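Let me begin by presenting the structure, written as structure tokens, before commenting on it.
The values are calculated or read from the model by the stated rules, or taken from the named source; none is laboratory data. Just so it is clear, the structure is predicted and the values come from calculations on it, not from any experiment. Cβ: placed from backbone, ideal geometry, glycine included. Neighbour counts: every protein chain shown. When the accessible area is computed, the model is the full protein with side chains, heavy atoms only, and any ligands, DNA or RNA have been set aside. Shrake-Rupley method; radii C 1.70, N 1.55, O 1.52, S 1.80 Å.
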Amino acid sequence: MTTPMKMAGLFAGIGGIERGFHDALGSRVETVLLCESWDAAQTVLSARFPGVPIHPDVRELRSLPADLDVLAAGFPCTDLSQAGRTAGIGGSQSGLVEHVFEALRVTAASKGRTPWLLIENVPNMLVLDGGRAMAYLVEELERLGFRWAYRVVDSRFTGVPQRRRRVILVASATEDPRAVLFGQDAGVPDLAGLDETIFGFYWTEGRGGLGWAQDAVPTLKGGSTIGIPSPPAVWDRTAEPSRRFIVPSVDDAEALQAFPRGWTAVDGLPGRSLGHRWKLVGNAVTTRVAGWVARQLVAPPGQHVAGRPFESGGSWPAAAYGERGRVWRMEVSEFPERRPYTHLRDVIDLASARPLSDRAINGFRRRLEQGNLGRHPGFRDEVATFAAAGRLDLAGVG
């Protein structure tokens with residue numbers, strides 16, 4: 001590539017997609033436009049992407065740069081996530097994706113070309129409301145004359161110890177997206193080699209939806225159903241009793257998203273800086289996942305798996321390809337490749353991580369007793385023992 005690939009990011013957040021592209025391609029990519037409405041995220045973007053224009057409102061973005069190669073849009077999952085409002089694709093936040101398609105239409109009409117489109121969102125959009133969100137995206141893509149493909153991937157395939165499943169969708173009016181998404185497959189991983197003494201879970205849950213991961217944390221989130229910043233907790237079975245249950249720091253969370261530590265620790269961050277940092281990191285895209293997409297765009301593998309015809313209507317499969325009203329189910333795993341794995345102990349600063357507070361562990365224990373979750377051998381017993389000991393004297397809930 002003689003000139004840098006030019007990319008723009010809508011709903012850019014803290015620049016996870018763009019950072020991933022730059023990590024993977026270096027000087028072969030240039031970010032020329034970012035669009036983000038939240039002032040806290042704008043502050044991070046200004047610090048980390050100096051000189052790149054930041055548009056504040058996707059609703060007022062009329063067109064895209066003429067020579068754009070990639071448009072990234074990790075549009076809000078608020079109305080699509082199981083942990084969110086589940087209002088669907090017509091919700092006030094997730095529905096903003098319509099402005100992505102409008103900008104592409106205007107750009108195609110005025111400048112005669114359209115870039116690659118990269119979309120990232122939660123897998124729940126494949127099933128919510130009978131798959132209506134995915135059906136809407138497909139309809140809009142095909143109105144633009146795009147061929148499209150998507151695949152659910154787990155961030156652990158990049159080697160980060162975070163069990164984060166996301167839909168990655170790529171589309172193009174001129175290229176074949178199958179070569180990008182389906183040219184690699186490492187198969188379903190086993191647990192061999194994972195640490196059997198450390199687990200991540202969500203202490204804000206318990207009656208239902210208990211996030212759980214061995215030698216990893218469950219999906220980092222921007223918030224929780226009880227309305228507070230939502231760091232996960234870690235159960236370390238080898239630690240001294242008072243430190244069996246700890247909470248990673250926000251710097252740890254940045255590393256779990258494959259950002260440099262301190263990425264969101266920028267001057268001028270408005271509001272409650274720690275709470276904002278957790279929300280910013282929880283809403284971000286794992287940079288290494290974006291980096292994998294970048295490498296596939298630049299040098300896609302020559303072969304890809306064949307698909308089977310799929311009659312759309314209702315829930316969508318975990319991977320698919322389509323064009324001109326036809327859809328094929330693609331039989332691939334959530335692990336396109338398997339990068340060397342970094343164990344959770346090697347990411348989290350266990351020595352400085354704070355213990356889960358009395359209030360947090362007691363609330364979690366009560367919720368756990370009301371449901372049928374948390375059945376891993378020894379987990380419930382240790383939660384009860386820790387709660388009964390009342391050994392901590394920490395303020396707050398986490």
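Under 8 Å for C-alpha pairs, at least 6 residues apart: give me the relative contact order for the chain, rounded to a whole percent. Don't jump to the answer; show the numbers that get you there.
Details: 843 pairs, mean separation 74.9, N = 398.
In percent, rounded to a whole number, it is 19.
At Asp267 and Ser242, where each label point lies 7 Å from the Cα along Cα→Cβ, what is the point-to-point distance in nanometres?
3.9 nm
Give the percent of DSSP beta bridges with both residues in the range 132-272 that are antiparallel, rounded to the nearest 5. Spell out each step's value before the answer.
On the way: 17 of 19 bridges.
So the antiparallel bridges in the range 132-272 amount to around 90 percent.
Might you tell me the accessible area per residue for the range 157-311, computed with a 1.4 Å probe and given in Å²?
Numbers: 5890 Å² over 155 residues.
Ligands and nucleic acids excluded, the result is 38 Å² per residue.
Taking the Cα of Glu196, stepping 7 Å toward and past its beta carbon, and measuring to each backbone N in the range 348-390: which are under 18 Å?
Output list for this probe position: 375-380.
Let me check against my output: what whole-number percent is the relative contact order of the range 157-304, with C-alpha pairs under 8 Å and at least 6 apart? Kindly include the intermediate steps, with their values, before the conclusion.
Working: 209 pairs, mean separation 39.7, N = 148.
Over the range 157-304, the number comes to 27 percent.
List the lysines whose alpha-carbon lies under 26 Å from that of Lys111, not counting same-chain residues fewer than 8 positions away?
Lys6
Does anyone have the angle between helix 379-389 and the longest principal axis of the chain? Alpha-carbon axes, 0 to 90°, nearest 10?
50 degrees
Under a cut-off of 25 Å between alpha-carbon atoms, report the lysines in cross-link reach of Lys279, not counting same-chain residues fewer than 8 places apart.
Lys221
Counting only protein heavy atoms, what percent of the accessible surface of the chain is carbon or sulfur at a 1.4 Å probe? Please report the intermediate quantities before stating the final value.
Details: 7810 of 16460 Å².
Reported share for carbon and sulfur atoms: 47 percent.
Between Asp39 and Ala306, 0.36 nm times their residue separation minus their Cα-Cα distance comes to what? Walk me through the intermediate numbers first.
Values: separation 267, 0.36 × 267 = 96.12 nm, distance 4.45 nm.
Going from the current span to full extension adds 91.7 nm.
Please sort by residue number the GluC sites (Glu not before Pro) in the range 156-244 whose DSSP state is loop and whose Cβ has at most 16 other Cβ atoms within 10 Å.
On the way: sites: Glu175, Glu196, Glu205; in loops: Glu175, Glu196, Glu205.
Answer by residue number: Glu175, Glu196.
Please give the contour-minus-distance gain from Val188 to Ala388: 0.36 nm per residue of separation, less the Cα-Cα distance, rounded to one decimal in nm. If you can, show how the numbers build up before the last one.
Numbers: separation 200, 0.36 × 200 = 72.00 nm, distance 3.98 nm.
Fully extending the segment from Val188 to Ala388 adds 68.0 nm.
Which whole number of Å³ per residue matches the convex hull of the alpha-carbon atoms in the range 204-327?
Values: hull volume 28.4 nm³, N = 124.
Roughly 229 Å³ of hull volume per residue.
In Å, the Kirkwood hydrodynamic radius of the chain over pairs of distinct alpha carbons? Walk me through the numbers on the way to the answer.
On the way: mean 1/r = 0.0458 Å⁻¹.
For the chain, the Kirkwood estimate is 21.8 Å.
Once the Cα atoms of helix 16-25 and of the chain are each reduced to a long axis, what angle between those two axes, in degrees from 0 to 90 to the nearest 10, is obtained?
For helix 16-25, the angle is close to 70 degrees.
Could you give the nm distance between label points at Glu337 and Ser27, where each point is 7 Å from its Cα heading toward the beta carbon?
My value for the distance between the label points is 2.3 nm.
Place a point 7 Å from Cα of Thr3 in the direction of its Cβ. Which residues in the range 12-28 have their backbone N less than 16 Å from it?
28
Among the DSSP beta bridges whose two residues both lie in the chain, what percent are antiparallel, rounded to the nearest 5? Intermediate values should be presented prior to the final figure.
Numbers: 35 of 53 bridges.
Close to 65 percent.
Pull out a ≥ b ≥ c, the square roots of the eigenvalues of the alpha-carbon gyration tensor of the range 285-369, then state rounded if a/c is under 1.5, prolate if not and a/b is larger than b/c, and oblate in the remaining case. Walk me through the numbers before you get to the answer.
Details: a/c = 3.84, a/b = 1.75, b/c = 2.19.
Oblate, because a/c is 1.5 or more while a/b does not exceed b/c.
Which whole-number percentage describes the relative contact order of the range 304-351, with Cα contacts under 8 Å and a sequence gap of 6 or more?
Values: 37 pairs, mean separation 15.8, N = 48.
Relative contact order here is 33 percent.
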